[in-house]
Structure formats: C-alpha cells, structure tokens
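Student: Here you go, one structure.
The values are calculated or read from the model by the stated rules, or taken from the named source; none is laboratory data. Just so you know, these numbers come straight off a predicted model, no measurement behind them. Ideal geometry is used to build each Cβ from the backbone, glycine not excepted, and the neighbour counts take in all protein chains shown. Note: areas computed on protein heavy atoms with side chains; ligands, DNA, RNA excluded. Shrake-Rupley method; radii C 1.70, N 1.55, O 1.52, S 1.80 Å.
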Amino acid sequence: MALIFLQLVDGQDDPLSSRFGSVPWAYVAHVCYRWRVIALACAGLWTQIGTMYPAAALACLERSVDAPLSLVVHAVADADNSTQVINRVRPHMHRMRHLYIPWMHIHDDDGNMAPFLTSLLEAPAPQLETFHVFHVRADGQCFTLPTVFGGNTPRLRILKMSYCSPRIDRITFGNLRHLYIRGRKRDPISLEVSQLLEILEACPKLEVLVTVK
C-alpha cells in the first residue's frame, strides 16, 4: 500500500511547480484508519517542502523522520512564511538532497542575500545532490555564486545556475555530472577561459555542460 501511495508523489515531483510542497496526496490519510497509519508511517510521502505552504512544510518535517528532503524556496512566497519554514528546515540540512532557490534571493540589487537564506546556505549539506538557482522574470544583474554549504558538497551531482556563475573555491565539483550556467540577455556572464578550464578540470565525472548567454 505504501508503494502505491509513493506513486502519488512521483506524479507531483516538478519542483518549479507552484504546487510543490502543498502535499495534495495527504487525502489518503483521511480515507480510513488503516490508510492513515500506513501513510503517516511512510516517511517518503512527506519529503517535499515548499516555503509557500508553511503548515504543510512543518508537518512534512515531522513525518519525514530521517528521509532525504527536497526544498523549494518559492519566489513569490511571503517572506514571513519563508523565514518560518527555513528556520525549521535549517537543523535538517544534513538530510537535504535537492534544493531550489530563486536567483534574486541570493543576490538582490545591493548584492546581498535574503536574510532568511543566510543560515540555510551556510549550513553543511553532506547529502546534497541537486542545487538549482532558478530564473525568475525580474530585474537584476548576473553575479558570482557566493560560498555555500561551507564550500563542501561531496555528493553534488547537478548544479544549475541562472544569472550566476560558479567559482572553484565555493562549491565541490568532484561528483558533478550536470553543470548548467545561464546568463541574462542584457547581462551575459563573462567567464575567463582559464576559469572555465579550472572548473572543468575539477569535474572528472562531468557528463553534461550547458552554457547560455
């Protein structure tokens, strides 16, 4: 029964969907006592967390026990909601597997990171496999990714960065399989060939490299 329930999660796994983190399959826990016991004991059902849905996020953190987590910081989420969720997620960063953050939260017009993100991006993330800085239609300039997770991401496999570029000393590239770097139409990313070669040399397992603008 739990395996059937997990199929519902697979059908709602688009992290950039506005519904990510809303846990629409929670209704299975309302059908009957037996279904509720199975659903609440299935940690994999409660691993999707979004800052747009703080009540669902806090329930998921409790029910996910020690299962790997996926977190989306929604671009349009209320700042108070985002702060509430991130403050509770911070102690669980050791089991974070996938993290999605809008670019303008990392670098605002003054070059500063959103205050509620600082503690999250400074925390160790030894299990992180995907780090995606996603693009949003907004004004701003491209920037260099600051040091995140203490510069130590030993299991990172997918690094996708919109409107920002990496540096060799700010993240671990050793297990990277997919590297995506995207600039802006009116503000393309300028990266020295030597810098790019240094990054590629640090990615012995790289399979896909995509650069845009």
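Student: So for segment 190-207 (the condition being among the basic types (K, R) and touching a His at 6+ places or on another chain (Cβ under 8 Å)), does at least one residue qualify? Let's see the steps before the verdict.
Tutor: The first filter runs over segment 190-207 and keeps only residues among the basic types (K, R), leaving 205.
Now narrow it down to the ones that are touching a His at 6+ places or on another chain (Cβ under 8 Å): none.
Checking segment 190-207: not a single residue is among the basic types (K, R) and touching a His at 6+ places or on another chain (Cβ under 8 Å).
Student: Continuing with the same structure: Name the one entry in V9, V85, V72 that is at pLDDT below 90 and aliphatic (A, V, I, L, M). First the steps, then the outcome.
Tutor: On the way: V85 fails: at pLDDT below 90; V72 fails: at pLDDT below 90.
Being at pLDDT below 90 and aliphatic (A, V, I, L, M) holds for just one of V9, V85, V72, which is V9.
Student: Right, something else. When you go through C60, C32 one by one, which is the residue that is without any contact (Cβ under 8 Å) to a residue 24 or more places away in the chain and either under 30 Å from S165 (Cβ atoms) or not hydroxyl-bearing (S, T, Y) (or both)? Spell out how you get there, then give the answer.
Tutor: Details: C60 fails: without any contact (Cβ under 8 Å) to a residue 24 or more places away in the chain.
Testing whether each residue is without any contact (Cβ under 8 Å) to a residue 24 or more places away in the chain and either under 30 Å from S165 (Cβ atoms) or not hydroxyl-bearing (S, T, Y) (or both) leaves just C32.
Student: Among the residues of segment 1-55, how many are in a helix (DSSP H, G or I), closer than 22 Å to P102 by Cβ and of a type outside the set (A, V, I, L, M)? It would help to see each step written out before you state the result.
Tutor: The initial filter retains those residues of segment 1-55 that are in a helix (DSSP H, G or I), namely 2-10, 24-30, 33-41, 43-46, 54-55.
Of the ones still in play, those that are also closer than 22 Å to P102 by Cβ are 54-55.
Pick out the ones that are also of a type outside the set (A, V, I, L, M) and you get 54.
The number of residues fulfilling the criteria is 1.
Student: Would you please name the residue that is farthest from the chain's Cα centre (by Cα), looking only at residues in segment 16-46 that are within 22 Å of A75 (Cα to Cα) and open to solvent by 20 Å² or more (accessible area, probe 1.4 Å)?
Tutor: P24
Student: Here's something else I'd like to know. Identify, please: which residue in segment 79-121 is open to solvent by less than 60 Å² (accessible area, probe 1.4 Å) and assigned to a strand (DSSP E or B) and is, among those, farthest from V65 (Cα to Cα)?
Tutor: P102
Student: Among the residues of segment 116-152, write down those that are of a type in the set (S, T, N, Q) and modelled with pLDDT under 95.
Tutor: Residues of segment 116-152 of a type in the set (S, T, N, Q): 118-119, 127, 130, 141, 144, 147, 152.
Within segment 116-152, T118, S119, Q141, T144, T147, N152 meet the criteria.
Student: Every residue in segment 63-75 that is part of a loop (DSSP other than H, G, I, E, B) and closer than 14 Å to F116 by Cα, please. Spell out how you get there, then give the answer.
Tutor: Taking segment 63-75 as the starting set, the residues that turn out to be part of a loop (DSSP other than H, G, I, E, B) are 64-68, 73-75.
Selection gives V73, H74, A75.
Student: So, in segment 53-77, how many residues would count as being of a type in the set (D, E) and either surrounded by 15 or more Cβ atoms within 10 Å (Cβ to Cβ) or more than 20 Å from E129 (Cα to Cα) (or both)?
Tutor: Of all residues in segment 53-77, those of a type in the set (D, E) come to 62, 66.
The next check asks that each one be either surrounded by 15 or more Cβ atoms within 10 Å (Cβ to Cβ) or more than 20 Å from E129 (Cα to Cα) (or both); those that pass are 62.
Residues flagged as of a type in the set (D, E) and either surrounded by 15 or more Cβ atoms within 10 Å (Cβ to Cβ) or more than 20 Å from E129 (Cα to Cα) (or both) within segment 53-77 amount to 1.
Student: Right, next: Which one is nearest to T130 (Cα to Cα) among residues in segment 153-190 that are hydrophobic (A, V, I, L, M, F, W, C) and either open to solvent by 50 Å² or more (accessible area, probe 1.4 Å) or touching a residue at least 60 places away in the same chain (Cβ under 8 Å) (or both)?
Tutor: Let us first name the residues in segment 153-190 that are hydrophobic (A, V, I, L, M, F, W, C), namely 156, 158-159, 161, 164, 168, 171, 173, 176, 179, 181, 189.
Still in the list and also either open to solvent by 50 Å² or more (accessible area, probe 1.4 Å) or touching a residue at least 60 places away in the same chain (Cβ under 8 Å) (or both): 158, 164, 168.
Values: I158: 5, C164: 16, I168: 17 Å.
Filtering segment 153-190 for residues that are hydrophobic (A, V, I, L, M, F, W, C) and either open to solvent by 50 Å² or more (accessible area, probe 1.4 Å) or touching a residue at least 60 places away in the same chain (Cβ under 8 Å) (or both), the one nearest to T130 (Cα to Cα) comes out as I158.
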